Amino acid sequence: MLLSSNLFAPSARKVLILFLLLTTLLGVRGLTLTFMRAHLDDPAWFQTGSYAKFDRPAREILDGRQNIFLINDPTRTELAQYPPAFPALVALIYGVTGDRSAYAVQIVQWSLDLVLSFVLIVGITVTAFGWRAGIAAGFLAALSPLFAMYAAYPSADTPAMWFVLAGNWLLLLAAKRNSVWLALGAGALLGVACWIRVNPLYLAAGWAITILIVAKAPWRRRVA
């Protein structure tokens, strides 16, 4: 009986750790979502003016009055200020849910981020440092008020972050496996992120320099 208990103890510990991790994640994210849903109309907590700049193009896309990638009206120069992907994503959420409000975008983004950001953060850490570090990173991500708050914002920052994190993971794998194709995949994901939010644009230079420094390969392959 003692031998049997010892055999199953590691598995039981893993299940308990996973349960605590998911409970922490759902608890912190759920409470933050509840708070933000009650404050979406409060400019002190949510930038309603900034969201309106995405809401209007999304409605026009749904109504057939605006092209996703082209500006139909040359006087609408304000549309060139932001990349086109997030208004298109908002329009998609409006169309699927039938609810043209920030609340619909919020709940869809929050639900996706609950899975995607957690898996990507843990995956990056496990690939770089192993499972123990991955579990620690998972708890830190679950407890982070910044991650929880951004997940509850209906904004372009969170979807862009998914592609940046996924690109970081591919970049790490590219460095470990000396794979040019994985490096190109990381760049492609960064390009998608820039279609949502232009801020990650300069990461391309930082990633290239990082590969040149850390990749264990001949210089010609590093440059490639």
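Taken together, the values in this text are just the output of simple stated rules run on the coordinates, not laboratory data. The structure presented is a predicted model; accordingly, all values stated were derived computationally and were not measured. When we count neighbours, we look across all protein chains shown, and the Cβ atoms used for this are built from the backbone with ideal geometry, even at glycine.
Evaluating G138 against the criteria (1) in contact with a helix residue (DSSP H, G or I) (Cβ under 8 Å, 6 or more places away or on another chain); (2) on the phi < 0 side of the Ramachandran plot; (3) surrounded by fewer than 18 Cβ atoms within 10 Å (Cβ to Cβ); (4) not acidic (D, E) leaves one unmet condition, (3). Taken together, the criteria exclude I61 from residues that are assigned to a loop (DSSP other than H, G, I, E, B), β-branched (V, I, T) and surrounded by 15 or more Cβ atoms within 10 Å (Cβ to Cβ). Would you pick out the residues in the range 11-38 that are over 20 Å from A152 (Cβ atoms) and out of contact with any helix residue (DSSP H, G or I) (no Cβ under 7 Å at 6 or more places or on another chain)? Correct list: S11, A12, R13, K14, V15, L16, L18, F19, L20. Of the helices (runs of 4 or more DSSP H) entirely within the range 124-224, those holding at least 3 residues that are touching a Gly at 6+ places or on another chain (Cβ under 9 Å) occupy 157-177, 180-196, 203-214. Considering (1) touching a Lys or Arg at 6+ places or on another chain (Cβ under 9 Å); (2) assigned to a loop (DSSP other than H, G, I, E, B); (3) within 21 Å of A160 (Cα to Cα); (4) not aliphatic (A, V, I, L, M), say which one P87 fails and leave the rest. Failed condition: (2).
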